[in-house]
Amino acid sequence: MMVESLIETSGSNEGCQVDTTPSTTTLPPVPRFPQEIVDAILDEIGDDTEVLRQCRLVCHAMSNSARPRVHRRIVLTSAQQCQNFYRLCCDTEDIPGLVRELWLQGDERHSPNANDTIIAAQWPANEPSLPAVLTILRHIQRLRLAFIMWNDVSTSLVYSYFPSCPCAAGSI
């Protein structure tokens, strides 16, 4: 590292001069954790996506290991989130390949007219960007549906994106 210092010249009207000779002093190398330790730390964090996002800001090694973990599970709870996620996938082409779990869920709300009746969400059945999201997510290993109106989900829609799903045979 080049260190510049100001040296005052005595008996001169010029004031200060800049010494531009390179310094022989160098900073010690920054110690690095082995990648296995970085991965072990991230394994301990688990599925806490907020902490994983913060880990991505720490260093390059953590960012590279945390990125697939951040996008491993995607939870969509509204049509707006679905649209935003689709735009993100279009802008960042490698994200769809990182997703292993997709959770589609509505809000668990209780009907004001009946005791303990849960009102399920209808957004997945009516959201035009959902088929596009399902099309680009080709590495899904787990699909979780919660609080969804099954009556509104088209059997042909399910079968077209999940042909091996037993529910696609018409038993929805």
Cross-chain or 6+ apart pairs with Cβ under 9 Å, region 128-157 first and within 18 Å of Arg87 (Cα to Cα), then at pLDDT 90 or above and open to solvent by 80 Å² or more (accessible area, probe 1.4 Å): Ser129/Arg87
Filtered residues of region 84-97 (kept if part of a helix (DSSP H, G or I), open to solvent by 60 Å² or more (accessible area, probe 1.4 Å) and not basic (Lys, Arg)): Asn84, Tyr86, Leu88, Cys90, Asp91
Subset of region 49-83 [open to solvent by 70 Å² or more (accessible area, probe 1.4 Å) and out of contact with any helix residue (DSSP H, G or I) (no Cβ under 7 Å at 6 or more places or on another chain)]: Glu50, Gln54, Leu57, Val58, His60, Asn64, Gln80, Gln81
Pairs where the first residue, in region 72-86, is at positive phi and the second is crowded, with 16+ Cβ neighbours inside 10 Å and of a type in the set (A, V, I, L, M), C-beta under 6 Å, 6+ apart: none
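The values are calculated or read from the model by the stated rules, or taken from the named source; none is laboratory data. On a predicted model such as this, the values are computed, not experimentally measured, just so you know. Note that each Cβ is placed from the backbone with ideal geometry, even for glycine, and that neighbours are counted across all protein chains shown. The accessibility values were calculated without ligands, DNA or RNA, using every heavy atom of the protein model including side chains. Shrake-Rupley method; radii C 1.70, N 1.55, O 1.52, S 1.80 Å.
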